[in-house]
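The values are calculated or read from the model by the stated rules, or taken from the named source; none is laboratory data. If you're wondering where the values come from, they're calculated on a predicted model, not measured in any experiment. Reconstructed Cβ throughout: ideal geometry from the backbone, glycine too, with neighbour counts over all protein chains shown. Surface areas here come from the heavy atoms of the whole protein model, side chains and all, with no ligands, DNA or RNA. Shrake-Rupley method; radii C 1.70, N 1.55, O 1.52, S 1.80 Å.
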Amino acid sequence: MAQTVANQITGDDIISELIRNADAGWFKVRYTVLVPCIFNVYLHPRDYELIQPIAELLREEAVRALKEHLSDLNKPRTARPFGKRFGSAGEPRPEYKILEKQWVIQFHGDQEERLRPGEIEIYSELGSARPKDFGAGAMTTFITRHPAGGPVAGNSEGADQVPARGVLARVRYRDSGMDKTFVMTSEEIVIGRGGKAVWVDLKLEGPADISREHCRIRRDPETGTFFIRDLSQFGTTVNGIPIPNSVDRVEGGEKVDRNREALLPSPARITLADVCTLEFEAEP
């Protein structure tokens, strides 16, 4: 799949994003770390058509890469940089595993015009049914998006480097009756209902009170500080406090974004138009 046009996707892009999504969707029990094994991969229609002739081969190689990644995670290591997250020295090392007997990867063309050419959006699940006694968090759908033309992290440095790879923050919310977690991997994301002419990163299926482009979350790459900008009609609150609206209407009714931002602490509860709540937390 040689790149012959701008932002043309490659099979390696898709496989790398699957591994990154699997990393983001880990669920820690005590002696076990569950890794997502059911993936729905959404692509721009052009890219979806591009991979159709090799979809089965791509699926086979993706499963092979995921199995190798899981094996790497279970290899003995003297020091692991994510020890604080999954237990300190002296505690038993957890086993990384999947719930199902096999990996499931499905490819879909984006029919809602949410993705640009070259973008990859992946929804993953730990399993097809609720794991017994594992808690509600085990039913969360994890969502990652790889931007068009953006770098895709490889796996050449081994499993020790995986957990910190590209995850800046997580946004947990409930949408269409399901618990979901959007994994923020770019310095700025757009949140809202979206539409054919309005591109968003995190698309919500809520009522019209939620604006098509409701708010933006930005991370300052130099300081790691997060900011939020309200672009909506019915407002945004952070921990119950309304934040300034960034949009002014000028003569003729034209909207002008004044780039007014508010500091976004971590963790924070973001409420959109009093109808939708997002739980934001920066990655340590």
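For the stretch 262-284, enumerate the residues that are touching a residue at least 60 places away in the same chain (Cβ under 8 Å), more than 19 Å from ILE210 (Cα to Cα) and touching an Asp or Glu at 6+ places or on another chain (Cβ under 7 Å). The answer is SER266, and nothing else.
Taken residue by residue, the stretch 143-158 has no member that is at pLDDT 50 or above, out of contact with any helix residue (DSSP H, G or I) (no Cβ under 8 Å at 6 or more places or on another chain), closer than 16 Å to THR277 by Cβ and open to solvent by 50 Å² or more (accessible area, probe 1.4 Å). In the set (1) open to solvent by less than 70 Å² (accessible area, probe 1.4 Å); (2) in contact (Cβ under 8 Å) with a residue 24 or more places away in the chain; (3) more than 24 Å from the chain's Cα centre (by Cα), the condition left unmet by ASP248 is number (2). Within the stretch 198-213, the set of residues being at pLDDT below 90 and in contact with a strand residue (DSSP E or B) (Cβ under 6 Å, 6 or more places away or on another chain) comprises VAL200, ASP201, GLU205, GLY206. Taken together, the residues in the stretch 268-284 that are open to solvent by 90 Å² or more (accessible area, probe 1.4 Å) and under 23 Å from the mean Cα position of the chain (by Cα) amount to 2. The residues of the stretch 251-265 that are open to solvent by less than 90 Å² (accessible area, probe 1.4 Å) and within 16 Å of GLU188 (Cβ to Cβ), listed by number, are ASP257, ARG260, GLU261, ALA262, LEU264. Got a sec? Which strands (runs of 3 or more DSSP E) wholly within the stretch 11-100 have at least 3 residues that are at pLDDT 85 or above, under 25 Å from ASP201 (Cβ atoms) and open to solvent by less than 10 Å² (accessible area, probe 1.4 Å)? Passing ranges, in order: 38-43.
Before we move on, is ILE189 free of Cβ contacts under 8 Å to residues at least 60 places away in the same chain, open to solvent by less than 20 Å² (accessible area, probe 1.4 Å) and not small (Gly, Ala, Ser)? When the stated conditions are applied, ILE189 passes them.
If you go through the stretch 192-211 and keep only what is surrounded by fewer than 19 Cβ atoms within 10 Å (Cβ to Cβ) and over 18 Å from GLN111 (Cβ atoms), you end up with GLY206, PRO207, ALA208, ASP209.
Of all residues in the stretch 232-254, those satisfying the criterion of being within 12 Å of ARG216 (Cα to Cα) and hydroxyl-bearing (Ser, Thr, Tyr) are SER232, THR236, SER246. Within the stretch 214-234, the residues that satisfy the criterion of being more than 24 Å from GLU283 (Cβ to Cβ) and open to solvent by 20 Å² or more (accessible area, probe 1.4 Å) are LEU231, GLN233, PHE234. Residue count for the stretch 185-197, restricted to those that are at pLDDT 90 or above and in contact with a strand residue (DSSP E or B) (Cβ under 6 Å, 6 or more places away or on another chain): 5.
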